[in-house]
Amino acid sequence: MTKELCYDSHMTKLFFWSLCLAVFIQDLSTRTFSRWWLLPAAILLAIVPWQADSSLLFCALVLLLWRLRPDWIGSADVTALFVLSLIAGQSLYRLVVAACGFGLLYSLVRPQNTIPFVSCLAAGTVVLAVLN
């Protein structure tokens, strides 16, 4: 079975959306991200065709930001952006803008020191998928 056939299957889409929902719930409720999430992400990346383009450069800049200011962004945020950049390609930029919008909205509704940005990325993914 080729990557294209796997990517177009309903099971792959169900796996992706289930992963988005699970990540959204865990990050929103705990603000932690277990390394166990790397296994489903690796499975997903093994199934779908990659969109390696300039969005990886953006991820490198975010990685640099994380190395310089780990109090601003977490390693889970960097990992989620990397996985999404390989899946979404150039759409990552719109996704990040949507996620930042959700983050700002979240900070207005529930003012706290941290924003569950992985949850915001998952919500942005759903919104952009619905709009497309």
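The values are calculated or read from the model by the stated rules, or taken from the named source; none is laboratory data. Just so we're clear, the structure is a prediction, and the values are computed from it rather than from any experiment. Here the Cβ is made from the backbone with ideal geometry for all residues, glycine too, and neighbour counts use every protein chain on show.
Here are the numbers for this structure:
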item: Residue ID - modelled with the lowest pLDDT, chosen from residues in the range 1-18 that are over 17 Å from Ala99 (Cα atoms) and either surrounded by 12 or more Cβ atoms within 10 Å (Cβ to Cβ) or of a type in the set (Phe, Trp, Tyr) (or both); result: Lys3
item: So Gly89, is it of a type in the set (Gly, Ala, Ser) and modelled with pLDDT under 90; result: yes
item: Subset of the range 97-127 that is crowded, with 17+ Cβ neighbours inside 10 Å and more than 10 Å from the chain's Cα centre (by Cα) - its residue that is farthest from Leu45 (Cα to Cα); result: Tyr106
item: Residue that is assigned to a helix (DSSP H, G or I), surrounded by 13 or more Cβ atoms within 10 Å (Cβ to Cβ) and more than 15 Å from the chain's Cα centre (by Cα), where the choices are Leu61, Leu44, Leu56, Leu65; result: Leu65
item: Single unsatisfied condition, Arg94 versus (1) farther than 22 Å from His10 by Cα; (2) buried (at least 16 other Cβ atoms within 10 Å of the Cβ); (3) in contact (Cβ under 8 Å) with a residue 12 or more places away in the chain; result: (2)
item: Given (1) outside any helix (DSSP H, G or I); (2) over 18 Å from Leu28 (Cα atoms), index of the condition Asn113 fails; result: (2)
item: Trp37 vs. criteria surrounded by 13 or more Cβ atoms within 10 Å (Cβ to Cβ), outside any loop (DSSP other than H, G, I, E, B) and modelled with pLDDT of 90 or more; result: no
item: Leading residue by the ranking (nearest to Ser85 (Cα to Cα)) among those in the range 12-31 that are free of Cβ contacts under 8 Å to residues at least 12 places away in the same chain and either among the hydroxyl-bearing types (Ser, Thr, Tyr) or not in a helix (DSSP H, G or I) (or both); result: Ser18
item: Residue check, Val78 in contact with an Asp or Glu (Cβ under 8 Å, 6 or more places away or on another chain) and without any contact (Cβ under 8 Å) to a residue 24 or more places away in the chain; result: no
item: Matching entry among Ser119, Ser107 (being within 15 Å of Leu21 (Cα to Cα), among the hydroxyl-bearing types (Ser, Thr, Tyr), out of contact with any Ser or Thr (no Cβ under 7 Å at 6 or more places or on another chain) and part of a helix (DSSP H, G or I)); result: Ser119
